[in-house]
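Asks: First the structure, which I've put down as C-alpha cells, then a few questions once you've had a look.
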Amino acid sequence: MAKLRVAMAKGRLAEEATQLFQKAGIIIPEDIFSSRKLIFKLPEADIEIFLVKPADVPIYVEYGTADLGIVGKDTLLEENRSLYELLDLKFGACKFALAGLPDKKKKLQQRKVATKYPAFTRRYFRSKGEPVEIIKLNGSIELAPLTGLADTILDIVETGRTLKENGLIIFEEIIDLSARLVANRISMKTNKEQIDRLLNSISRAMGD
Ligand code: PRP
C-alpha cells in the first residue's frame with residue numbers, strides 16, 4: 001500500500017495539527033519544527049508530512065502530489081481549488097469580516113477594500129453586486145484604513161484584539177473559519193482505505 005502524503009500549513013496550524021495527530025496515536029518526529037527539513041517520514045503510520053506555506057497546501061493536494069492537506073478555510077476560500085473537504089478540525093477558529101474606522105461605516109459606496117484575500121474578496125463583492133476596488137496587501141491589513149490606503153478591510157478576526165487596539169470596528173461578519181482536512185479527488189478513490197483509517201482515528205481523537 002502506498003504511503004499517505006500530507007501537506008501541512010506551516011505555523012500555528014501545523015502545531016495544532018501535529019498535536020491532534022499525536023492524540024490520534026500517530027508518532028510525530030521530534031524535530032518537525034526545529035529542523036529545516038521539508039519532508040518528514042512517519043514510517044509507523046506510513047505517512048509522509050510536507051511542510052509548506054498555507055497557500056501552497058491546496059496546490060499540492062489538487063495536483064495529487066499530496067493525498068491530504070491540513071489548511072485553514074481562509075486559504076481554501078481564497079485558492080478555490082477542486083478538493084474534497086473531509087473534516088472540520090475545529091482549531092484555528094476565526095472569521096472573515098469587513099472592518100474599518102467607525103465613521104466610514106455609512107459611506108460604503110465605491111469603496112476601496114484592502115485584503116490578503118483578493119480572489120475571495122472579488123467573489124464576495126461580485127455576489128453582492130457591489131463594485132469595489134481591491135487592494136492586495138501581504139500583512140498588517142489593519143494599517144490600510146488607518147493611513148487612508150483603503151476604506152475597508154476584509155480580513156481574519158480571531159480575538160478582535162488587533163481591530164480594537166487600532167480603533168477599528170467590524171462592519172460585517174462574513175463566514176466562520178477553521179482548519180480543515182482536505183483530500184485529493186483521485187486519492188479518495190485510490191487510497192480510500194488508508195484515508196478512512198486516518199479520518200477515523202483523527203475524528204476519535206477530536207472527540208476525546
Ligand atoms: C492576522 C489577521 C489580523 C489578526 C487578527 O494577522 O490578518 O491582523 O491576525 O487576530 P486578532 O483578531 O486575534 O487580533 P497575522 O497575525 O497573521 O499577521 P499579519 O498582519 O502579518 O497578516
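Each value in this text was obtained by applying a stated rule to the coordinates, not by laboratory testing. Not measured: the values here are computed from a predicted model. With ideal geometry, Cβ positions are generated from the backbone for all residues, glycine too; neighbour counts draw on all protein chains shown.
Asks: Sorted by average packing, counted as other Cβ atoms within 10 angstrom per residue and highest first, what order do 188-198, 158-168, 116-126, 67-77 take?
Replies: Answer by packing, highest mean first, reads 67-77, 116-126, 188-198, 158-168.
Asks: With an 8 Å cut-off on Cα pairs and a minimum separation of 6 or more residues, tell me the relative contact order of segment 64-184 in percent.
Replies: Relative CO of segment 64-184 lands at 49 percent.
Asks: From the Cα trace of the chain, what convex hull volume per residue do you get, rounded to a whole Å³?
Replies: Convex hull of Cα atoms, per residue: 129 Å³.
Asks: Right, here's the next one. Running a GNM on the chain with Cα contacts under 10 Å, which residue among 92, 25, 64 ends up with the highest mean-square fluctuation?
Replies: Maximum among the listed residues: 25.
Asks: Averaging over all projection directions, find the projected area of the Cα convex hull of segment 94-176 and quote it in nm² with one decimal place.
Replies: 4.8
Asks: If you take every DSSP beta bridge fully contained in segment 96-187, what fraction is antiparallel? Give it as a percent rounded to 5.
Replies: Just about 60 percent of them are antiparallel.
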